[in-house]
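Submitted below is the structure of interest, expressed as structure tokens.
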Amino acid sequence: MLGTDKLPIEETLEDSPQTRSLLGVFEEDAAAISSYSNKLFHAMRRIYDAQNELSAATHLTSKLLKEYEKQRFPLGGDDEVMTSTLQQFSKVIDELSSCQAVLSTQLADAMMFSIGQFKERDLKEILTLKEVFQIASNDHDVAINRYSRLSKRRENEKTKFEATEDVYTARKKQHQTMMHYFCALNTIQYKKKIAILEPLLGYMQAQINFFKMGSENLNSQLEEFLSNISSSVQSVRREMDNDMENTQQTIQDMEAASEPLYLPDPDPKKLPVNRNLTRKAGYLNIRNKTGLVSSSWDRHYFFTQGGNLMSQARGDVAGGLVMDIDNCSVMAIDSEDRRYCFQITSFDGKKAVILQAESKKDCEEWISTINNISKRIYLTDNPEETAARVNQSALEAVTPSPSFQQRHESMRPGVPSRPHARRTSSTGSIGSDSSALTALSLDSIVAPDTPIQFDIISPVSEDQAGQPRTPGQTGRRTNPFGESGEKSESEDSILHQLFIVRFLGSMEVKSDENTEVVYETMRQILAARAIHNIFRMTESHLLVTCDCLKLIDPQTQVTRLRFPLANVIVYGTHQENKRLFGFVLRTAGGRAEGRPLSVCYIFESNNEGEKICDSVGLAKQIALHAELDRKVLEKQKEIEKVKEKKQKEISKQKQIEKDLEEQSRLIAASSRPNAEGQFVVLSSSQSEDSDVGDEGKKKRESEA
């Protein structure tokens with residue numbers, strides 16, 4: 001259809017609010033077409049009536065002109081010229097009257113008949129189908145409500161059979177009526193063009209024929225234009241016929257394919273459950289409390305949008321938020337009066353909703369979909385494939401492997417067994433290559449008898465992360481208002497990068513010389529979470545500076561954990577899931593005296609694992625360059641101090657010599673006065689001696 005959207009017949013069975021909204025748009029368009037067509041019909045009716053009036057008036061004019069000669073005017077005499085002239089005009093007007101009558105007949109056939117048929121047949125057909133569809137939709141809602149109210153305790157097979165049969169009949173009737181209604185609304189777009197163009201074409205053709213009868217000169221361009229219009233009308237008619245044929249075939253195919261879907265609870269063998277969905281939509285019943293012990297059920301259209309569960313009533317334009325299902329928990333429950341019920345609880349446990357699905361298959365798919373969304377799988381590039389891989393990995397993770405190499409081969413299907421290449425762009429480590437680790441057993445990587453810590457012990461902002469404390473020792477809380485008597489060590493840092501992370505777990509490891517330890521720790525923590533059904537995670541802000549890594553509470557801004565950057569030995573992201581990030585922290589104290597303790601911490605980010613690794617690597621480089629610059633600056637300061645000390649000694653020596661020289665001159669001058677109390681003038685030989693003395697002093701000063 002040229003420039004016009006069509007109603008999707010394939011979505012008639014789902015009958016979603018979006019489809020109803022689109023149907024409302026088409027119904028408004030059909031109403032607008034009906035209103036416009038009525039106005040156009042009345043306008044063309046006026047043309048036809050005016051043409052009939054013109055034809056009658058022309059005929060009357062011709063008749064009056066013929067009767068002119070029979071008139072007797074009191075002041076006029078017989079004027080033969082006037083009479084003959086009017087007789088000639090009478091003949092011409094009579095011929096013109098005949099042409100007007102032919103034009104009126106052609107307008108009735110070519111103009112009024114076409115638009116009259118569209119008004120009386122096609123538009124009334126739309127109104128009839130609309131009424132039938134409304135009745136079928138209401139019957140379907142009544143049947144669904146009756147089926148939903150079937151009692152779970154007192155199950156009557158006859159009542160259940162009758163309710164199921166009613167749902168089947170009502171749904172089939174609604175589906176078939178809706179498809180034909182959609183087909184009629186789609187077809188009206190074609191008929192609208194034909195109903196407008198054909199009368200105009202008939203009107204123009206009648207006018208051309210009218211003028212052809214009076215004149216042989218006709219504009220050839222007008223004929224070509226009308227010919228093109230006629231060809232366009234024929235083309236639209238052929239397109240309409242083809243679309244009608246395809247639509248009828250689609251309706252037949254849809255009726256055959258939708259036969260199993262008419263039942264409210266289809267056979268699971270024919271329609272298996274899909275547990276890898278990350279998006280789902282459909283009608284559900286939600287329980288609303290109306291009193292202390294009473295409740296009611298309302299049927300709404302529910303759909304997932306990202307990490308949110310939305311609902312939309314049939315008359316609403318847009319959906320509303322029900323709850324945030326990120327990190328939520330979902331489970332099937334046993335309701336007292338309803339079947340196929342499940343409950344969704346928010347991550348903080350403050351809100352819970354109970355929903356009822358139409359069938360067991362639908363209930364299991366909703367539970368699987370919400371469970372996948374709670375793990376934030378929908379943020380990946382290919383959510384369904386990731387969900388399938390995560391579900392499969394969770395099943396495989398509980399099966400122990402005989403060696404570290406085989407476990408990593410099971411995590412990377414399709415990759416040949418070979419030493420893992422060491423990452424340089426987004427990981428950092430201190431130690432040997434990763435190929436040396438593949439031959440080690442699990443006991444040489446992860447410390448035995450070490451539990452997995454799934455929670456953050458908060459707050460410990462001023463303690464060294466991972467250091468043991470005495471039983472009476474507790475972590476101190478940082479001032480949430482930022483008022484501290486001492487200056488923070490991270491205020492002078494030139495690097496401040498903040499990331500949103502979720503803590504997955506931590507455990508002690510034996511080896512901290514390779515990133516493979518991080519990968520193995522990720523595998524064990526994810527496997528333990530899958531085994532124990534632990535889905536709740538603590539969200540924090542990870543602050544990366546040149547001095548340390550800090551975990552900050554996003555609400556209170558309290559530092560939960562502090563990791564000195566110098567103690568972060570190994571860090572890296574998962575090779576497949578770039579959202580997973582981890583690092584190994586080495587501390588001075590451990591379970592045995594004198595033995596360093598290595599703990600691996602695992603986090604989940606919002607697709608920023610590599611960015612965090614790059615930021616940590618940049619912080620280490622900045623810290624290294626800062627340390628080198630500090631050493632160079634200290635060395636330069638020592639050299640400047642030595643130079644300054646020597647310069648002071650030289651200046652002091654010069655000042656002493658200058659003072660001695662001045663004193664000697666004064667003594668020599670004052671020891672030789674004449675009789676009149678004047679000083680004696682030195683002789684030339686004495687001046688030369690003094691000059692020689694000055695040169696000797698300068699020479700001694702230069703040597704010094």
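The values are calculated or read from the model by the stated rules, or taken from the named source; none is laboratory data. Everything numeric here is computed off the predicted structure, so don't read it as measured data. Heads up, the Cβs are rebuilt from the backbone with ideal geometry, glycines too, and the neighbour counts pull from every protein chain shown.
Filter the helices (runs of 4 or more DSSP H) completely within the range 77-159 down to those with at least 3 residues that are modelled with pLDDT of 90 or more and assigned by TED's automatic domain parsing to the domain that holds Phe211.
123-148
A further question follows. Considering every residue within the range 263-282, establish whether at least one is under 18 Å from Val353 (Cβ atoms), surrounded by fewer than 17 Cβ atoms within 10 Å (Cβ to Cβ), modelled with pLDDT of 90 or more and not aromatic (Phe, Trp, Tyr).
Yes, because at least one residue in the range 263-282 is under 18 Å from Val353 (Cβ atoms), surrounded by fewer than 17 Cβ atoms within 10 Å (Cβ to Cβ), modelled with pLDDT of 90 or more and not aromatic (Phe, Trp, Tyr).
Which one of these does Ser311 not meet: (1) surrounded by 15 or more Cβ atoms within 10 Å (Cβ to Cβ); (2) touching a helix residue (DSSP H, G or I) at 6+ places or on another chain (Cβ under 6 Å)?
(2)
Could you check how many residues of the range 348-358 are part of a loop (DSSP other than H, G, I, E, B) and touching a Phe, Trp or Tyr at 6+ places or on another chain (Cβ under 8 Å)?
2
Residues checked against (1) among the acidic types (Asp, Glu); (2) within 25 Å of the chain's Cα centre (by Cα):
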site: Arg287; (1), (2): no, no
site: Gly291; (1), (2): no, no
site: Ser295; (1), (2): no, no
site: Asp337; (1), (2): yes, no
site: Cys341; (1), (2): no, no
site: Lys351; (1), (2): no, yes
site: Ala357; (1), (2): no, no
site: Glu385; (1), (2): yes, yes
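Any residue in the range 176-200 that is acidic (Asp, Glu) sitting within a Cβ distance under 6 Å of a residue that is in a helix (DSSP H, G or I) and surrounded by 19 or more Cβ atoms within 10 Å (Cβ to Cβ)? List the pairs, counting only those 6 or more apart or interchain.
Sorted first by the residue in the range 176-200, then by its partner, the pairs are Glu198/Ser114.
Next question, about the same structure. Within the range 8-43, restricting attention to residues that are in a helix (DSSP H, G or I) and in contact with a Gly (Cβ under 9 Å, 6 or more places away or on another chain), which residue is nearest to Leu86 (Cα to Cα)?
Per the stated criteria, the residue is Phe41.
Going by the structure shown, is Leu660 of a type in the set (A, V, I, L, M, F, W, C), farther than 30 Å from Leu565 by Cα and modelled with pLDDT of 85 or more?
So Leu660 passes the test.
Those residues that are without any contact (Cβ under 8 Å) to a residue 60 or more places away in the chain and either closer than 16 Å to Arg502 by Cα or crowded, with 19+ Cβ neighbours inside 10 Å (or both), I need them from the range 578-592; list them, please.
Lys578
Within the group Ile650, Ile667, Ile622, which residue is among the β-branched types (Val, Ile, Thr) and modelled with pLDDT of 90 or more?
Residue meeting the stated conditions: Ile650.
Give me a count of the residues in the range 548-565 that are over 18 Å from Gly582 (Cα atoms), surrounded by fewer than 21 Cβ atoms within 10 Å (Cβ to Cβ) and either within 28 Å of the chain's Cα centre (by Cα) or not aliphatic (A, V, I, L, M) (or both).
5
Can you tell me which of (1) surrounded by fewer than 16 Cβ atoms within 10 Å (Cβ to Cβ); (2) under 38 Å from the mean Cα position of the chain (by Cα) is the one Lys152 doesn't meet?
Single failed check for Lys152: (2).
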